[in-house]
1. Among LEU154, LEU182, LEU161, which is the only one that is assigned to a loop (DSSP other than H, G, I, E, B) and either under 18 Å from GLY196 (Cα atoms) or at pLDDT 95 or above (or both)?
2. Within the range 77-94, does at least one residue satisfy the condition of being near the ligand (Cβ under 10 Å from one of its atoms), assigned by TED's automatic domain parsing to the domain that holds HIS169 and either within 20 Å of the chain's Cα centre (by Cα) or part of a helix (DSSP H, G or I) (or both)?
3. In the range 115-140, what count of residues is obtained for those that are hydroxyl-bearing (Ser, Thr, Tyr) and free of Cβ contacts under 8 Å to residues at least 24 places away in the same chain?
4. Which condition number in (1) modelled with pLDDT under 95; (2) of a type in the set (A, V, I, L, M, F, W, C); (3) buried (at least 22 other Cβ atoms within 10 Å of the Cβ) is the one that VAL90 fails?
5. Can you tell which of ALA112, ALA106 is within 9 Å of the ligand (Cβ to nearest atom) and either farther than 22 Å from THR195 by Cβ or within 15 Å of the chain's Cα centre (by Cα) (or both)?
6. Suppose we keep only residues that are over 13 Å from the mean Cα position of the chain (by Cα) and of a type in the set (Lys, Arg) within the range 4-57. Which one would you say is nearest to the ligand (Cβ to nearest atom)?
7. In the range 48-76, what count of residues is obtained for those that are surrounded by fewer than 18 Cβ atoms within 10 Å (Cβ to Cβ) and more than 23 Å from TYR164 (Cβ to Cβ)?
8. Can you name the number of the only condition in (1) at pLDDT 95 or above; (2) within 12 Å of the ligand (Cβ to nearest atom); (3) on the phi < 0 side of the Ramachandran plot; (4) not assigned by TED's automatic domain parsing to the domain that holds TYR148 that TYR99 fails?
Amino acid sequence: MKIHGDIQSGNCYKIKLLCSLLGIEHQWIHVDIMAGDTAKADFLKKTPSGKIPLLELADGRCLSESNAILNYLAAGTELLPTDKFELAKVQQWQFFEQYSHEPYIAVARFIAKYLGLPDERKAEYTAKQVGGHKALAVMEKQLSTTAYLTGDSLTTADISLYGYTHVAHEGGFDLHLYPSILAWIANIQKNKNYTGM
Ligand SMILES: N[C@@H](CCC(=O)N[C@@H](CS)C(=O)NCC(=O)O)C(=O)O
């Protein structure tokens, strides 16, 4: 299988991390958004949204949306529960990540790290801090009572949230305000098959 992505993107890195934890062999195809790769006709044929990450199976079928890819690849493993409620709990955190976390933390990081915090985006960057801290507080509350987001074991919910949380400082978020999040990050990094960005 092929994975089209940019390892510096948290959404793409989630897939790389999952493949590493599960030992899934794949070919990584680097996509350069800034150079316009996602707008090219060949890429748009594979995914109408024109976004990475993109999973391309050996038979040519393609899947986009990072969390859908994670759950597809993790199906049948210990990282994705089969119990109906436990599975919905994983999805609960993944929907939270896409609506209440990534739009703040990933965008603040993009403005600071990639654009160099230009004057015209400073107000947006500041506004993103509020939503980002709100999301981190929700995670902190959960992680002060359980080791992982859905309980005692690592699931794709953790991988989804780990993607941008562990680099949140690059978007101006001081993670020292969140000791349980820091402990969770350290715990994930202890995994013998862990790979960084
Ligand atoms: N909800 C999507 C978001 C994907 C996304 O926004 N990808 C960005 C990189 S992090 C992208 O491909 N941007 C290129 C573009 O919009 O042209 C997911 O989780 O996969």
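The values are calculated or read from the model by the stated rules, or taken from the named source; none is laboratory data. Computed from a prediction, not measured in an experiment: that's the story for all the values here. Ideal geometry is used to build each Cβ from the backbone, glycine not excepted, and the neighbour counts take in all protein chains shown.
1. LEU154
2. Yes - at least one qualifying residue is present in the range 77-94.
3. 1
4. Going through (1) modelled with pLDDT under 95; (2) of a type in the set (A, V, I, L, M, F, W, C); (3) buried (at least 22 other Cβ atoms within 10 Å of the Cβ) one by one, VAL90 breaks only (1).
5. Only one candidate qualifies: ALA106.
6. Filtering first and then ranking leaves LYS51.
7. Selection size over the range 48-76: 9.
8. With respect to (1) at pLDDT 95 or above; (2) within 12 Å of the ligand (Cβ to nearest atom); (3) on the phi < 0 side of the Ramachandran plot; (4) not assigned by TED's automatic domain parsing to the domain that holds TYR148, TYR99 is out only on (4).
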